[in-house]
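The values are calculated or read from the model by the stated rules, or taken from the named source; none is laboratory data. Everything numeric in this text was worked out from a predicted model, so none of it was measured. Note: ideal-geometry Cβ built from the backbone for every residue, glycine included; neighbour counts use all protein chains shown. Ligands, DNA and RNA are excluded from the accessible area calculation, which covers all protein heavy atoms including side chains. Shrake-Rupley method; radii C 1.70, N 1.55, O 1.52, S 1.80 Å.
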Amino acid sequence: MSEVMIGAADGGRFSAYVAKPKVTPAGGVVVIQEIFGVNAVMREMCDWYASQGFLAVCPDLFWRQQPGVQLTDKTEAEWNQAFALLNGMDQDKAVEDLKAALAWVRGQEGSTGKAGTVGYCLGGRLAFMMATRSDAEANVGYYGVGLEGLLGEADKIAKPLLLHIAENDKFSSPDKRDAVVAGVKDNTWVTAKVYPGMDHAFARPGGEHYDKDAADEANRLTVEFFHTHLA
(Lines give C-alpha, C1' and ligand atoms only; values in the text may rest on other atoms or scores of the structure.)
Protein backbone atom coordinates (compact mmCIF):
# COMPACT_ATOMS: atom_id res chain seq x y z
CA MET A 1 0.00 0.00 0.00
CA SER A 2 1.36 3.39 -0.94
CA GLU A 3 0.52 6.84 -2.24
CA VAL A 4 1.55 8.09 -5.66
CA MET A 5 1.17 11.34 -7.57
CA ILE A 6 -0.57 11.32 -10.97
CA GLY A 7 -0.43 14.14 -13.50
CA ALA A 8 -3.72 15.74 -14.52
CA ALA A 9 -4.45 16.37 -18.20
CA ASP A 10 -4.87 20.12 -17.63
CA GLY A 11 -1.85 20.52 -15.38
CA GLY A 12 -1.23 19.88 -11.72
CA ARG A 13 -0.87 16.60 -9.88
CA PHE A 14 -3.13 14.68 -7.56
CA SER A 15 -2.49 11.94 -5.03
CA ALA A 16 -3.83 8.41 -5.25
CA TYR A 17 -3.79 5.48 -2.88
CA VAL A 18 -2.45 2.27 -4.42
CA ALA A 19 -2.78 -1.33 -3.29
CA LYS A 20 -0.91 -4.07 -5.16
CA PRO A 21 -1.85 -7.74 -5.53
CA LYS A 22 0.46 -10.57 -4.60
CA VAL A 23 0.35 -12.08 -8.09
CA THR A 24 1.05 -10.26 -11.34
CA PRO A 25 0.32 -9.50 -14.10
CA ALA A 26 -3.02 -8.20 -12.87
CA GLY A 27 -5.88 -6.15 -14.19
CA GLY A 28 -6.16 -2.60 -12.95
CA VAL A 29 -9.12 -1.23 -11.02
CA VAL A 30 -9.65 2.49 -10.47
CA VAL A 31 -11.67 2.73 -7.25
CA ILE A 32 -13.80 5.90 -7.27
CA GLN A 33 -14.45 7.62 -3.97
CA GLU A 34 -17.69 8.46 -2.23
CA ILE A 35 -18.33 12.06 -1.18
CA PHE A 36 -16.06 11.55 1.85
CA GLY A 37 -12.76 11.58 -0.03
CA VAL A 38 -10.04 8.91 -0.05
CA ASN A 39 -10.80 7.95 3.53
CA ALA A 40 -10.18 4.76 5.51
CA VAL A 41 -13.17 3.03 3.89
CA MET A 42 -11.89 3.67 0.36
CA ARG A 43 -8.36 2.60 1.25
CA GLU A 44 -9.72 -0.60 2.77
CA MET A 45 -11.70 -1.19 -0.42
CA CYS A 46 -8.50 -0.83 -2.44
CA ASP A 47 -6.75 -3.30 -0.16
CA TRP A 48 -9.64 -5.71 -0.62
CA TYR A 49 -9.53 -5.44 -4.42
CA ALA A 50 -5.79 -6.11 -4.26
CA SER A 51 -6.51 -9.21 -2.17
CA GLN A 52 -8.84 -10.34 -4.97
CA GLY A 53 -6.02 -10.09 -7.50
CA PHE A 54 -6.29 -6.56 -8.90
CA LEU A 55 -3.96 -3.57 -8.97
CA ALA A 56 -6.16 -0.98 -7.26
CA VAL A 57 -5.79 2.79 -7.27
CA CYS A 58 -8.08 5.38 -5.65
CA PRO A 59 -7.43 8.95 -6.87
CA ASP A 60 -8.21 12.07 -4.84
CA LEU A 61 -10.98 13.72 -6.85
CA PHE A 62 -11.40 16.67 -4.47
CA TRP A 63 -7.82 17.86 -5.00
CA ARG A 64 -8.88 20.89 -7.05
CA GLN A 65 -10.84 22.16 -4.03
CA GLN A 66 -9.03 20.66 -1.03
CA PRO A 67 -6.39 17.94 -1.34
CA GLY A 68 -6.31 15.04 1.08
CA VAL A 69 -9.93 15.11 2.29
CA GLN A 70 -10.74 12.23 4.63
CA LEU A 71 -14.22 12.46 6.13
CA THR A 72 -16.53 9.92 7.77
CA ASP A 73 -20.31 9.51 7.69
CA LYS A 74 -20.56 9.86 11.48
CA THR A 75 -21.18 13.59 12.09
CA GLU A 76 -23.44 16.25 10.63
CA ALA A 77 -20.48 18.60 10.16
CA GLU A 78 -18.69 16.02 8.02
CA TRP A 79 -21.82 15.38 5.95
CA ASN A 80 -22.15 19.13 5.39
CA GLN A 81 -18.52 19.39 4.30
CA ALA A 82 -18.93 16.37 2.02
CA PHE A 83 -21.98 17.86 0.29
CA ALA A 84 -20.18 21.19 -0.12
CA LEU A 85 -17.28 19.40 -1.83
CA LEU A 86 -19.71 17.45 -3.99
CA ASN A 87 -21.47 20.64 -5.05
CA GLY A 88 -18.14 22.30 -5.78
CA MET A 89 -16.84 19.47 -7.95
CA ASP A 90 -16.47 19.86 -11.69
CA GLN A 91 -17.54 16.34 -12.65
CA ASP A 92 -16.30 16.67 -16.22
CA LYS A 93 -12.81 17.38 -14.87
CA ALA A 94 -13.19 14.53 -12.38
CA VAL A 95 -13.77 12.19 -15.33
CA GLU A 96 -10.59 13.50 -16.95
CA ASP A 97 -8.71 12.80 -13.70
CA LEU A 98 -10.15 9.28 -13.68
CA LYS A 99 -8.94 8.80 -17.24
CA ALA A 100 -5.47 9.87 -16.09
CA ALA A 101 -5.64 7.32 -13.26
CA LEU A 102 -6.80 4.69 -15.75
CA ALA A 103 -3.80 5.41 -17.99
CA TRP A 104 -1.47 5.37 -14.98
CA VAL A 105 -2.61 1.95 -13.76
CA ARG A 106 -2.45 0.48 -17.27
CA GLY A 107 1.15 1.60 -17.54
CA GLN A 108 2.37 0.08 -14.30
CA GLU A 109 4.79 -2.82 -14.20
CA GLY A 110 2.74 -5.90 -13.38
CA SER A 111 -0.38 -4.61 -15.15
CA THR A 112 -2.10 -6.60 -17.88
CA GLY A 113 -2.77 -3.30 -19.64
CA LYS A 114 -6.48 -3.73 -19.04
CA ALA A 115 -8.28 -1.61 -16.46
CA GLY A 116 -11.75 -0.78 -15.26
CA THR A 117 -13.45 1.39 -12.69
CA VAL A 118 -15.64 0.75 -9.67
CA GLY A 119 -17.36 3.57 -7.83
CA TYR A 120 -19.62 4.11 -4.85
CA CYS A 121 -22.30 6.82 -4.40
CA LEU A 122 -20.73 9.82 -6.20
CA GLY A 123 -18.25 7.28 -7.54
CA GLY A 124 -21.08 5.17 -8.87
CA ARG A 125 -22.24 8.14 -10.92
CA LEU A 126 -18.70 8.76 -12.16
CA ALA A 127 -18.30 5.07 -13.06
CA PHE A 128 -21.37 5.44 -15.29
CA MET A 129 -19.77 8.51 -16.85
CA MET A 130 -16.56 6.53 -17.41
CA ALA A 131 -18.65 3.90 -19.20
CA THR A 132 -19.96 6.58 -21.57
CA ARG A 133 -16.85 8.74 -21.93
CA SER A 134 -13.74 6.55 -21.56
CA ASP A 135 -12.21 3.39 -23.00
CA ALA A 136 -12.16 1.51 -19.68
CA GLU A 137 -12.58 -2.21 -20.32
CA ALA A 138 -15.30 -2.59 -17.67
CA ASN A 139 -17.10 -0.37 -15.18
CA VAL A 140 -19.09 -1.02 -12.00
CA GLY A 141 -21.34 1.43 -10.15
CA TYR A 142 -22.68 0.94 -6.64
CA TYR A 143 -25.84 2.99 -5.94
CA GLY A 144 -24.77 5.81 -8.23
CA VAL A 145 -26.54 9.11 -7.61
CA GLY A 146 -28.49 10.91 -10.31
CA LEU A 147 -28.04 8.29 -13.01
CA GLU A 148 -31.45 9.15 -14.46
CA GLY A 149 -29.94 12.46 -15.56
CA LEU A 150 -27.22 10.66 -17.51
CA LEU A 151 -29.47 8.40 -19.58
CA GLY A 152 -28.98 10.65 -22.62
CA GLU A 153 -25.43 9.28 -22.76
CA ALA A 154 -26.42 5.63 -22.33
CA ASP A 155 -26.22 4.86 -26.05
CA LYS A 156 -22.47 5.56 -25.88
CA ILE A 157 -21.87 2.57 -23.59
CA ALA A 158 -19.94 0.00 -25.60
CA LYS A 159 -18.05 -1.86 -22.86
CA PRO A 160 -19.46 -3.94 -20.00
CA LEU A 161 -21.17 -1.97 -17.22
CA LEU A 162 -22.56 -3.49 -14.02
CA LEU A 163 -24.91 -1.40 -11.87
CA HIS A 164 -25.76 -2.31 -8.27
CA ILE A 165 -28.97 -0.42 -7.43
CA ALA A 166 -30.53 -0.09 -3.97
CA GLU A 167 -34.30 -0.51 -4.23
CA ASN A 168 -34.98 2.01 -1.45
CA ASP A 169 -32.10 4.43 -2.07
CA LYS A 170 -32.71 7.50 0.11
CA PHE A 171 -30.95 9.68 -2.47
CA SER A 172 -33.24 8.53 -5.25
CA SER A 173 -36.90 7.63 -5.70
CA PRO A 174 -38.85 4.68 -7.13
CA ASP A 175 -39.57 6.68 -10.29
CA LYS A 176 -35.90 7.56 -10.80
CA ARG A 177 -34.80 4.00 -10.05
CA ASP A 178 -37.28 2.59 -12.56
CA ALA A 179 -36.20 5.16 -15.15
CA VAL A 180 -32.58 4.02 -14.85
CA VAL A 181 -33.46 0.34 -15.14
CA ALA A 182 -35.70 1.02 -18.14
CA GLY A 183 -33.16 3.35 -19.71
CA VAL A 184 -30.41 0.72 -19.89
CA LYS A 185 -32.40 -2.48 -20.39
CA ASP A 186 -32.02 -2.50 -24.18
CA ASN A 187 -28.24 -2.03 -24.04
CA THR A 188 -26.69 -5.49 -24.03
CA TRP A 189 -23.50 -4.11 -22.46
CA VAL A 190 -25.33 -3.12 -19.27
CA THR A 191 -26.44 -5.28 -16.35
CA ALA A 192 -28.60 -3.50 -13.76
CA LYS A 193 -29.26 -5.45 -10.56
CA VAL A 194 -31.73 -4.09 -8.03
CA TYR A 195 -31.25 -5.17 -4.40
CA PRO A 196 -34.67 -5.53 -2.73
CA GLY A 197 -35.16 -3.59 0.48
CA MET A 198 -31.68 -2.08 0.40
CA ASP A 199 -30.88 1.58 1.07
CA HIS A 200 -28.02 3.77 -0.14
CA ALA A 201 -24.51 2.59 0.78
CA PHE A 202 -25.59 -0.94 1.66
CA ALA A 203 -22.05 -2.10 0.79
CA ARG A 204 -20.16 0.38 3.01
CA PRO A 205 -18.76 -1.54 6.01
CA GLY A 206 -19.72 0.19 9.24
CA GLY A 207 -22.27 2.41 7.52
CA GLU A 208 -25.80 3.01 8.75
CA HIS A 209 -27.38 0.88 6.01
CA TYR A 210 -24.67 -1.77 5.63
CA ASP A 211 -26.11 -5.17 4.82
CA LYS A 212 -23.57 -7.98 4.80
CA ASP A 213 -25.55 -10.39 2.65
CA ALA A 214 -26.31 -7.82 -0.06
CA ALA A 215 -22.77 -6.42 0.09
CA ASP A 216 -21.25 -9.89 -0.20
CA GLU A 217 -23.45 -10.68 -3.20
CA ALA A 218 -22.63 -7.40 -4.95
CA ASN A 219 -18.92 -7.76 -4.24
CA ARG A 220 -18.89 -11.35 -5.49
CA LEU A 221 -20.53 -10.31 -8.75
CA THR A 222 -18.11 -7.39 -9.10
CA VAL A 223 -15.03 -9.56 -8.67
CA GLU A 224 -16.34 -12.15 -11.14
CA PHE A 225 -17.15 -9.34 -13.58
CA PHE A 226 -13.63 -7.90 -13.38
CA HIS A 227 -11.94 -11.29 -13.59
CA THR A 228 -13.93 -11.91 -16.77
CA HIS A 229 -13.25 -8.57 -18.45
CA LEU A 230 -9.77 -7.63 -17.21
CA ALA A 231 -8.01 -10.99 -17.57
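At a glance:
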item: Residue-wise HN-Hα coupling along segment 40-53, computed from phi with Karplus coefficients 6.51, -1.76, 1.60 (Hz; x: Gly, Pro); result: 4, 5, 5, 5, 5, 5, 4, 4, 5, 4, 4, 5, 8, x
item: Overall form of segment 121-196 per C-alpha gyration tensor (a/c, 1.5; a/b vs b/c); result: prolate
item: Over the chain: helical MRE at 222 nm, DSSP H runs n ≥ 4 each giving -39500 (n - 2.57), nearest 500; result: -11500 deg cm²/dmol
item: Probe 1.4 Å, all protein chains present, accessible-area order of 188, 228, largest first; result: 188, 228
item: Counting DSSP beta bridges with both ends in the chain, the antiparallel % (nearest 5); result: 30 percent
item: Segment 58-172 shape via C-alpha gyration tensor axes, a/c threshold 1.5; result: oblate
item: Estimated Rh, segment 87-138: Kirkwood, alpha-carbon pairs, angstrom; result: 11.4 Å
item: Cα gyration tensor category, rounded, prolate or oblate, for segment 98-231 with a/c compared to 1.5; result: oblate
item: Rounded to the nearest 10 Å², the accessible area of residue 176 at probe 1.4 Å; result: 90 Å²
item: Listed residues 221, 122, 162, most fluctuating in the chain (Gaussian network, C-alpha, under 10 Å); result: 221
item: Long-range amide H partners of residue 8 with built H, under 5 Å; result: 13, 14
item: Accessible area per residue in Å² at 1.4 Å probe, computed on segment 94-151; result: 26 Å²
item: Accessible surface ranking that places the most exposed of 97, 199, 10 first, with a 1.4 angstrom probe; result: 10, 199, 97
item: Rounded to the nearest 10 Å², the accessible area of residue 3 at probe 1.4 Å; result: 130 Å²
item: Sparsely packed trypsin sites (Lys or Arg not before Pro) within segment 1-56, loop by DSSP, other Cβ within 10 Å at most 13; result: 22
item: Cα centroid separation, segment 184-223 to segment 117-170 (Å); result: 13 Å
item: Loop-resident sites, segment 154-231, for GluC sites (Glu not before Pro), counting at most 15 other Cβ within 10 Å (DSSP); result: 167, 208
item: Segment 131-231 - percent of accessible surface contributed by carbon and sulfur, probe 1.4 Å; result: 51 percent
